[in-house]
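Before any comments, here is the structure.
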Amino acid sequence: MLQMTVGDLKAQFSMVLQQIKAGNDVEILYGRSKKPVARITGVEKAKKKRRPLGLLEGKGVFTEVGDGKITLEEFLGVNSLDEVEPLV
């Protein structure tokens with residue numbers, strides 16, 4: 001993986017694009033410490049593969065009790081709405 005400072009990236013942007021088109025990643029370094037802050041990856045490389053549905057089928061059990069309705073207090077996890085501070 002190619003590493004470049006922001007200044008080098010600006011000065012050699014055409015070369016960076018050629019590197020990315022060739023399948024290489026470029027890591028951008030920033031500041032005096034030259035800490036990595038970003039990575040440029042080609043579009044084809046960045047596309048994620050789709051995961052199959054039902055990957056965890058049969059691995060767990062979900063049981064719904066009642067009609068699935070809950071009160072506002074249960075949803076908020078409080079005993080009383082008096083415990084909830086209003087948003088202002």
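Largest first, the three principal axis extents of the alpha carbons in the chain are 63, 43, 20 Å in whole numbers.
Counted without the sites themselves, the longest stretch of the chain free of GluC sites (Glu not before Pro) in a DSSP loop having at most 10 other beta carbon atoms within 10 Å is 1-56. Of all beta bridges that DSSP places with both ends in the chain, some 55 percent have antiparallel geometry. Projecting the Cα atoms of 38, 13, 52 onto the dipole axis of region 7-52, where Lys and Arg carry +1 and Asp and Glu carry -1 at the beta carbon, places 52 farthest toward the positive end. Counted residue by residue at 0.36 nm each, then reduced by the alpha carbon distance between them, the extension gain from residue 35 to residue 71 reaches 8.1 nm. Given springs between every Cα pair under 10 Å in a Gaussian network model of the chain, which of 54, 31, 77 has the largest fluctuation? So, out of 54, 31, 77, the one fluctuating most is 77. Spin-label model, residue 3 to residue 21: label points 7 Å out along the Cα-to-beta-carbon direction sit 2.7 nm apart.
What is the sum of charges around residue 73, taking Lys and Arg as +1, Asp and Glu as -1, for the other residues whose C-beta is under 11 Å from the C-beta of residue 73?
-3
A Förster radius of 25 Å combined with the Cβ-Cβ distance from residue 61 to residue 87 puts the calculated FRET efficiency at roughly 0.10.
A cut-off under 11 angstrom between Cβ atoms defines the neighbours of residue 2, and their net charge, with Lys, Arg +1 and Asp, Glu -1, is -2. Shown for the chain: lysine pairs separated by 8 or more places, or found on different chains, whose C-alpha atoms are under 24 Å apart, numbering 10.
Computed from the coordinates by the stated procedures, all read-outs in this text should not be read as laboratory data. Owing to the predicted nature of the structure, the values given are computational and were not obtained by experimental measurement. Backbone-built Cβ (ideal geometry, glycine too); neighbour counts: all protein chains shown.
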